[in-house]
Amino acid sequence: MPSATTNLPTKSAEASRLAVCIGGFSLGMWCSVDMPVALDQEHQPFLLPSTANHTCHMELDVSWADSLTLPKSNPSFLSSGLWSAYTSDTGTKFYFCSPAVGPKPYKAAWFDPFFERGHVVLHRSSFTEERPVFPLEYPFDELVMMHRLALGEGAEVHALGLTDQDGSGYLFLGHSGAGKSTTARLWAAQPGVTLLSDDRIILRKHCDKFWMYGTPWHGDAGVSSPGHAPLSAIFLLEQSASNELVPIPPAKAAAELFARTFLPHYLESGIQFTLSFLDHITRSVPCSILRFTPTPGAVEAVRYARV
């Protein structure tokens, strides 16, 4: 893996440029000139135009490697054998494996402690020459954002986010099967409503106000948008035989949010920040349980309660 002193390549024949913006963070990649690079469909709306001369919040050098080997030390985290993280004072390293390409890593990455600079290497023989590659292919893109947010920037939650016709921003929390996709379809049928994501929302704070950002990581409804909106209310989804809103205290709401937050649990400082951040949100934004039926009446119940 590259050392902390590795220089990023500069614009010229040495590299090609690609940049996206997710959750208010721009991420630029200088890719080896012989690397066929392309965005996947989910990331197309997040592409930044004309960014060759613009420094992003996070900058990556992307290159090929003829071989990659896992470190001999124990990882800080191991995710079902598909990716592993190694943390130290000098930064974080990620390794990605797949049964489809054998036991050795097909991709690895290094980041500095602030997740501002990094280096991604792809095992050349693990990729088909005729097909373009996307260096940020999931789950790497989400891992990068999750770690940057945990440094004091915000949090990523398992939720549906949308903007109503009056500009109100609603966050609907739920584990898989709680009704996020159903709720997304109910609201999408309403005029003046903009959906940000039906599965992953990034929360951040700017100018003493909390904001929601759409992400490329959508759910069954296939909703992903680069838009953002102020956070006006939070709802914990529960399917029911009738529509009802039950206010919940900030402490309980923070616990429910935390249970649905994606973060590096092996980083104590990230956990402490996230707990404080979610506590601040739930003390500032109204939180309720939304017991609902899959009918337009659920939409009206929310709007009526917000009048």
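Worth pointing out:
- Enumeration of residues in the range 267-279 that are exposed (fewer than 14 other Cβ atoms within 10 Å of the Cβ) and in contact (Cβ under 8 Å) with a residue 24 or more places away in the chain: 269
- Scanning the range 105-126 for residues that are assigned to a strand (DSSP E or B) and under 15 Å from residue 64 (Cβ atoms) gives 105, 106, 107, 108, 109, 119, 120, 121, 122, 123.
- Unmet criterion (only one of (1) without any contact (Cβ under 8 Å) to a residue 60 or more places away in the chain; (2) over 13 Å from the mean Cα position of the chain (by Cα)) for residue 229: (1)
- Annotation note: Cβ proximity below 8 Å between a residue of the range 285-307 that is surrounded by 13 or more Cβ atoms within 10 Å (Cβ to Cβ) and a residue that is small (Gly, Ala, Ser) and part of a strand (DSSP E or B) (sequence gap 6+ or interchain) occurs for 285/233; 286/233; 287/233; 288/233; 302/233; 305/288; 306/233.
- Qualifying residue in the range 238-257 (condition: within 18 Å of the chain's Cα centre (by Cα) and touching a residue at least 60 places away in the same chain (Cβ under 8 Å)): yes
Results for (1) touching a Ser or Thr at 6+ places or on another chain (Cβ under 9 Å); (2) farther than 30 Å from residue 115 by Cβ, shown as yes or no for each residue.
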position	(1), (2)
258	yes, no
269	no, no
280	no, no
283	no, no
287	no, no
292	yes, yes
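- Among the residues of the range 38-53, some residue qualifies, meaning at least one is within 24 Å of residue 20 (Cα to Cα), touching a residue at least 60 places away in the same chain (Cβ under 8 Å) and buried (at least 19 other Cβ atoms within 10 Å of the Cβ).
- Tally of residues being of a type outside the set (Val, Ile, Thr), over 21 Å from residue 147 (Cα atoms) and in a strand (DSSP E or B) across the range 217-267: 11
- Selection from the range 177-228 of residues that are surrounded by fewer than 18 Cβ atoms within 10 Å (Cβ to Cβ) and over 23 Å from residue 43 (Cβ atoms): 177, 185, 189, 190, 191, 192, 193, 205, 206, 207, 208, 209
- Residue in the range 66-122 that is surrounded by the most Cβ atoms within 10 Å (Cβ to Cβ), counting only those that are of a type in the set (S, T, N, Q) and over 29 Å from residue 18 (Cα atoms): 76
- Test result for residue 263, touching a helix residue (DSSP H, G or I) at 6+ places or on another chain (Cβ under 7 Å) and buried (at least 19 other Cβ atoms within 10 Å of the Cβ): yes
- For the range 158-176, the candidate set comprises residues that are over 18 Å from residue 253 (Cβ atoms) and within 20 Å of the chain's Cα centre (by Cα); within that set, the residue that is surrounded by the most Cβ atoms within 10 Å (Cβ to Cβ) is 162.
Rule-based calculations on the coordinates, nothing more; no lab input. In this text the structure is predicted, and so the values were computed from the model without any measurement. Virtual Cβ from ideal backbone geometry, glycine too; neighbours counted across all protein chains shown.
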